[in-house]
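The values are calculated or read from the model by the stated rules, or taken from the named source; none is laboratory data. What you see is a predicted model; the values in this text were computed from it and never measured. Counting neighbours? That spans all protein chains shown, and the Cβs are built from the backbone with ideal geometry, glycine included. Protein only, heavy atoms only, side chains kept; ligands, DNA and RNA dropped before computing areas. Shrake-Rupley method; radii C 1.70, N 1.55, O 1.52, S 1.80 Å.
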Amino acid sequence: MIDIRFLRDHSDVVRASQQARGADPTLVDAALAADARRRSSLVAFESLRAEQKSLGKQVAQASGEEKTALLTRTKELSAQVKEHQATANDAEAELDALLFRIPNVVEGAPAGGEEDFVTLRTVGTPRDFAAEGFAPRDHLDLGEGLRAIDTMRGAKVSGSRFYFLTGVGARLELAILQAAMDKALAEGFTPMITPTLVTPETMRGTGFLGEHADEIYRLERDDLYLVGTSEVALAGYHGDEILDLSDGPKRYAGWSACYRREAGSHGKDVRGIIRVHQFHKVEMFSYCSVDDAAAEHERLLAWEEAMMAAVELPYRVIDTAAGDLGTSAARKFDCEAWLPSQERYLELTSTSNCTTFQARRMNVRERTDSGTRTVATLNGTLGTTRWIVAILENHQQPDGSVRVPEGLRPYLGGLEVFEPVR
RNA sequence: GGAGACGUCGCAUAGUCUGGUCUAGUGCGCCACCCUGCUAAGGUGGUAACGGGGCAACCCGUUCGGGGGUUCAAAUCCCCCCGUCUCCGCCA
């Protein structure tokens, strides 16, 4: 939710943001009009209510004829108060509905759609498989050879886009996640294992129930949603709280299963485990002061890049275009690893600065010298199941074995190579 | 799943039976000042959030788990929901 006072004072900025996203700029004027209606109806209601309260006190003291006369008057007033209260409530609901549809105000992201990202840097060099004298296999070929990935049985048991990780595949996922948790711990994050089923209020608060509601699994009988990331639970964690951030940001590392319906992606990334309905992820989440949010965003990105280095992958960092930002994000950086089999980059991490957007919906504030104010929230990926794809492909050897990056060996009992099973 | 108790301003609690004097009291904690050569103790005052109006001092409104209802008037009465705790049952 954007700040209505910001909207009042800087409507041009919000309009420009809507344009940069390719969203509807007329929502801004509709919201301003609704706000004006809300305020005028509120003034009318509040003055009537004040009169009602003061007369109510006189009723309590009065008796006899005086009381009867007062009661006649207060009965009239009571009806008027109800009427105006309803009007004010309606105006507020109308404003809320409009505000809910306005995504976060873009901060510094390039304008345009998915293709309009800006590459900030490219790190590492993709291997030249032609020079090495063999054609790279894709991750599923490799994973099947290693008995690490079983998508056939995944489909048998649960349908398409499900899979089993077996043997070294299971161990590799645990290694990635454990390395991510250790990295987070080293940087001062509090490790968290979070709920993966959340209430509608929590899901709404994080901004996932707007345009992207189709992506989310819902358990209708219980009125709960399956989260697509632990960000959801972590954003709700401090809901309705006033935090003390005088010692710096509150940082949490969430470990959870993640569920995505992939409703709009039929036919896309159907092979292997690139795009699946269920996976695991370690997610960084930070509550920080608005003044510190941009710097915190850089820090989250740096920690992600440290993980990319630990698994020895060539990657690029992109500054996502406004139209490709989530509802809550003001800016987003992705680390994309090179995918040899497809000769393209694949998103492995994503870090978003949600500024005060999520925190306002979740009602998370901090105490300052001059009162309270809404905090900023940020999130970023530190490791996911999908990393297996890039690790297998980039570290493969001609015989179908895969070199284990040094950063993961401590988590695999020192194992240096995954050997194919004959 | 069944029975019961409970949910009040950071924490603890009073108030609910008997609706209006609740502008929600008190203690703790916290802040400021005073006193005491330090410390401890004591004294005085202040201590919620949100929204609206105003240049401002300030004024008004909302909020007693959430939502509805009764009433001129609800922390207080009624209904529904959520949560916590205790006991029972069932399951792993």
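For the stretch A:199-244, the candidate set comprises residues that are more than 18 Å from A:R365 (Cα to Cα) and assigned to a strand (DSSP E or B); within that set, the residue that is most open to solvent (accessible area, probe 1.4 Å) is A:R218.
For (1) touching a helix residue (DSSP H, G or I) at 6+ places or on another chain (Cβ under 9 Å); (2) over 30 Å from A:T74 (Cα atoms); (3) not hydrophobic (A, V, I, L, M, F, W, C), each residue gets a yes or a no:
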residue: A:A16; (1), (2), (3): no, yes, no
residue: A:A23; (1), (2), (3): yes, yes, no
residue: A:L32; (1), (2), (3): yes, yes, no
residue: A:R38; (1), (2), (3): yes, no, yes
residue: A:S41; (1), (2), (3): yes, no, yes
residue: A:E46; (1), (2), (3): yes, no, yes
residue: A:S54; (1), (2), (3): no, no, yes
residue: A:Q58; (1), (2), (3): yes, no, yes
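Restricting to the stretch A:344-359, and then to whatever is open to solvent by 20 Å² or more (accessible area, probe 1.4 Å) and more than 14 Å from the chain's Cα centre (by Cα), can you tell me which residue is farthest from A:E241 (Cα to Cα)? Step by step, filter the stretch A:344-359, then rank; the result is A:R344.
One residue alone among A:S370, A:S341 is open to solvent by 10 Å² or more (accessible area, probe 1.4 Å), of a type in the set (G, A, S) and over 27 Å from A:Q278 (Cα atoms), and that residue is A:S370.
Each residue in the stretch A:78-100 was checked for being more than 30 Å from A:V59 (Cβ to Cβ) and not aliphatic (A, V, I, L, M), and 3 of them qualify. Summed over the stretch A:122-132, residues that are loosely packed, with under 10 Cβ neighbours inside 10 Å and closer than 19 Å to A:E304 by Cα total 1.
Scanning the stretch A:248-300 for residues that are at pLDDT 95 or above, farther than 24 Å from A:S341 by Cβ and in contact with a Cys (Cβ under 8 Å, 6 or more places away or on another chain) turns up just one, A:E296.
The residue pairs whose first member lies in the stretch A:128-149 and is not assigned by TED's automatic domain parsing to the domain that holds A:Y163, whose second member is open to solvent by less than 20 Å² (accessible area, probe 1.4 Å), and whose beta carbons are closer than 9 Å, counting only pairs six or more residues apart or on different chains, do not exist in this structure.
Restricting attention to the stretch A:238-261 and to residues that are of a type in the set (S, T, Y) and more than 15 Å from RNA strand B (Cβ to nearest atom), the residue that is nearest to A:N379 (Cα to Cα) turns out to be A:Y252. Cβ-Cβ contacts under 6 Å between residues 6 or more apart (or on different chains), taken from a first residue in the stretch A:28-42 that is open to solvent by 40 Å² or more (accessible area, probe 1.4 Å) to a second residue that is within 12 Å of RNA strand B (Cβ to nearest atom), are listed as A:R37/A:A91; A:R38/A:A91; A:R38/A:E92; A:R38/A:L95; A:L42/A:A88.
Residue selection: A:L313 fails the criterion of being among the hydrophobic types (A, V, I, L, M, F, W, C) and farther than 24 Å from A:R403 by Cβ.
Of all residues in the stretch A:138-160, exactly one satisfies the criterion of being among the polar types (S, T, N, Q) and touching a Phe, Trp or Tyr at 6+ places or on another chain (Cβ under 6 Å), namely A:T151.
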